[in-house]
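Q: One structure coming up, written as structure tokens, with questions to follow.
Just so it is clear, none of the values below were taken in a lab; they were calculated from the coordinates. What you see is a predicted model; the values in this text were computed from it and never measured. Every residue, glycine among them, receives a Cβ derived from its backbone with ideal geometry; neighbour counts consider all protein chains shown.
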Amino acid sequence: MPGNLPSIADLLKRRKEAQAAPVTAVDETAQVEVETRAVEAVAEPLVDVPVEQKISGDTEVQGALVEKMGVIKLREKEEETARLAASIGVPYINLKGFPISPEAIVLLSEEQAAQMKAICFLSTGAELRLGAVDPKAQDIVDLAYDLGERHKTNAVVYAISEESFKQGLRLYAMLPKITIAVKGVQITEADLAKYQDQMKDVVAIAEILNKANVTDVLAVIIAASVQLGSSDVHIEAEETGIVVRFRVDGMLQEIAKLEPAKWQKIINRIKLIASLKLNISDQAQDGRFTIFQKNKEIDVRTSTIPTAYGESVVMRLLNPDSISLAFEELGFRAPMLKKLNHEIEKPNGMIITTGPTGSGKTTTLYAILKRLNTKDVKIITLEDPVEYKVEGLNQSQIDTSKDYTFAKGLRSILRQDPDIVMVGEIRDIETAEIAIQASLTGHLMLSTIHTNDAAGAIPRFLSMGVKPYLLAPAMNAIMGQRLLRKLCQACKKEIVVDTDTMIDVKKLVDALPENSGEVKPDLATTKFYGPVGCEKCNNSGYRGRIGAYELLVRDAELEKMITESSSITEYQMREVATRQGMVSMAQDGVLKAVDGVTALEEVKRIVGLSR
């Protein structure tokens with residue numbers, strides 16, 4: 001054996017002694033060189049040994065050799081990482097054996113850590129340390145900034161090797177409860193309350209937004225959205241700045257315009273709390289987070305898409321207050337409410353709501369379910385997705401990726417012995433047939449279908465291929481609806497209606513069926529009102545929304561017509577509906593304008609004044 005290099009036995013002896021001895025500081029580079037020469041010297045004589053002799057040799061010696069080579073390679077990689085860190089001016093750390101605290105590691109979700117190759121390894125009141133394989137990457141720099149701002153501390157990025165990162169990542173498997181516990185707690189009621197008292201109007205909101213730091217911008221936006229009763233928040237990058245718009249009472253309103261320089265940090269902040277990928281900006285992404293308030297939780301569904309000047313973000317706030325209306329508060333006029341009450345009290349059959357997206361169908365169905373939700377009935381819903389959680393309901397969410405469709409879910413639900421079933425939407429013949437069969441076998445079935453009005457529902461079912469003789473006895477009632485903005489009662493003013501509009505209004509009032517239960521108003525003495533705008537309504541002139549409805553109830557004539565014909569037009573349906581006393585959505589809207597609840601221009605915009 002050349003020189004005075006140690007023998008295999010010496011190496012084994014030294015390894016055992018090293019394991020027992022305390023760690024002392026040494027020159028790692030010199031140590032690696034010596035040990036490398038030692039291993040090469042010991043390994044060299046084995047090259048010419050026959051294979052059989054090698055296999056039958058000392059397995060402990062071979063194991064020690066492999067282990068030593070592995071240690072040397074890891075040290076070389078750590079040295080390479082340390083040199084790289086020094087060259088780019090960032091601190092370096094080897095996380096092997098470092099006591100990473102659970103409080104630190106959970107500051108990043110496991111998915112975010114894996115995606116960005118970063119580990120939070122230390123968190124104290126004064127400092128937060130983040131290890132990253134690529135410490136100078138822009139998404140890491142942005143992440144460190146956001147973490148520092150969010151936790152009000154100084155965030156420092158350290159360079160770590162791939163092996164250090166893998167060791168840190170393995171710790172997540174030991175912390176399941178902690179990782180789940182941080183799901184969306186980032187924006188609390190305290191964050192919202194901090195700003196809501198200052199938000200008197202849109203002008204005040206814009207001022208606060210432009211003064212807020214990047215971390216607080218999102219809290220301000222959410223607080224303002226909750227304050228104004230917004231259903232959606234739009235944050236859009238434009239050439240000259242960032243536009244923030246809220247959808248309030250169905251209409252988009254521009255709230256503020258922010259500096260373009262803030263955009264990347266704002267989008268990264270949103271992505272971070274919504275569990276979206278920070279380094280993906282050329283693809284659409286969907287995520288969610290939760291706002292925890294004292295008596296409720298608001299789910300926020302987040303969607304991003306790439307646009308010319310940056311990503312467009314839309315956040316939908318699923319505020320449980322939006323479905324808290326009592327059945328009687330939805331805006332049904334007394335005669336129609338009496339008819340609907342009669343239909344929902346039946347033990348079986350179908351009740352269908354129709355209308356486009358955003359017309360209030362879900363709110364109406366939830367109000368009906370809350371009315372029927374008692375301890376002696378079982379109610380199951382099948383939704384896509386479950387937007388609002390209601391106590392007492394068994395709510396199931398479809399998942400097409402797992403082949404859990406409306407049709408398959410409905411079949412499964414019927415084996416759960418329900419009394420009442422709500423299916424979010426009937427989209428195909430399979431779901432329609434199962435729903436109809438269920439309604440004919442002792443279940444009350446509630447659902448929606450996309451048609452323009454109540455008269456279009458039956459032709460739509462028939463066009464799907466539903467058998468007329470099954471559809472006719474199953475259908476209890478069909479409801480068409482839209483949402484009208486309500487006039488702000490604090491600032492509305494009397495208006496003079498133009499001649500053409502008044503002609504249309506008179507036609508609708510004159511066409512009210514005699515058997516509708518409605519009293520025709522005297523238009524000659526009726527006062528109509530329009531919007532003005534004040535502090536209470538954020539200068540929009542409107543505050544809140546109310547439904548415009550029409551209700552088509554199955555009677556003997558309608559059942560006979562459906563049974564005897566496989567092709568029915570909307571015109572035929574409308575004629576039958578008028579004969580049975582149905583008030584149309586346009587007529588219902590005009591009657592609400594007569595009552596001063598809404599404006600004729602709003603009725604004209606939403607449902608028209610033609611029928």
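Q: Give LYS211/LYS257; LYS486/LYS506; LYS338/LYS389; LYS166/LYS271 a once-over and call out the pairs whose C-alpha atoms are over 19 Å from each other.
A: Numbers: LYS211/LYS257 12 Å; LYS486/LYS506 22 Å; LYS338/LYS389 28 Å; LYS166/LYS271 24 Å.
Flagged as over cut-off: LYS486/LYS506; LYS338/LYS389; LYS166/LYS271.
Q: Using the 10 angstrom Cβ neighbour count as an exposure proxy, how do LYS166, LYS527 rank, fewest first? Intermediate values should be presented prior to the final figure.
A: Working: LYS166 14, LYS527 9.
With the fewest neighbours first, LYS166, LYS527 line up as LYS527, LYS166.
Q: Now a separate question. What span do the alpha-carbon atoms of the stretch 411-552 cover on each of the three principal axes, reported in whole Å from largest to smallest?
A: 57, 37, 25
Q: Next question. Please give me the summed charge of the neighbours of ALA474: other residues whose Cβ is under 15 Å from its Cβ, Lys and Arg +1, Asp and Glu -1.
A: On the way: positive: LYS346, ARG460, LYS467, ARG554, LYS560; negative: GLU343, GLU433, ASP555, GLU559.
Surrounding charge for ALA474 is +1.
Q: Kindly put VAL106, VAL386 in sequence by how many other C-beta atoms sit within 10 Å of each C-beta, fewest to most. List each step's numbers first, then the result.
A: Details: VAL106 21, VAL386 17.
Lowest to highest Cβ neighbour count: VAL386, VAL106.
Q: For the pair LYS257 and ILE88, what calculated FRET efficiency results from E = 1/(1 + (r/R0)^6), where r is the Cβ-Cβ distance and R0 = 45 Å, to the nearest 0.05?
A: Values: r = 37 Å, r/R0 = 0.82.
Step by step, r from the Cβ atoms, then E = 0.75.
Q: In addition: Restricting to the stretch 102-181, what percent of DSSP beta bridges are antiparallel, rounded to 5?
A: Approximately 45 percent, going by the DSSP bridge assignments.
Q: Provide, for q = 0.13, 0.14, 0.17 Å⁻¹, the log10 of I(q)/I(0) from a solvent-free Debye sum over equal Cα point scatterers in the stretch 102-181.
A: Taking Cα atoms of the stretch 102-181 as identical point scatterers yields -0.34, -0.39, -0.59.
Q: Using the number of other C-beta atoms within 10 angstrom as an exposure proxy, rank TYR172, TYR469 with the fewest first. The partial results should precede the final answer.
A: Details: TYR172 19, TYR469 12.
If I rank by nearby Cβ atoms, fewest first, I get TYR469, TYR172.
Q: Considering the dipole of the stretch 335-472 built from charges on the beta carbon (Lys and Arg +1, Asp and Glu -1) around the Cα centre, which of THR381, LEU337, PHE461 is farthest to its positive end?
A: My answer, from the dipole projection, is LEU337.
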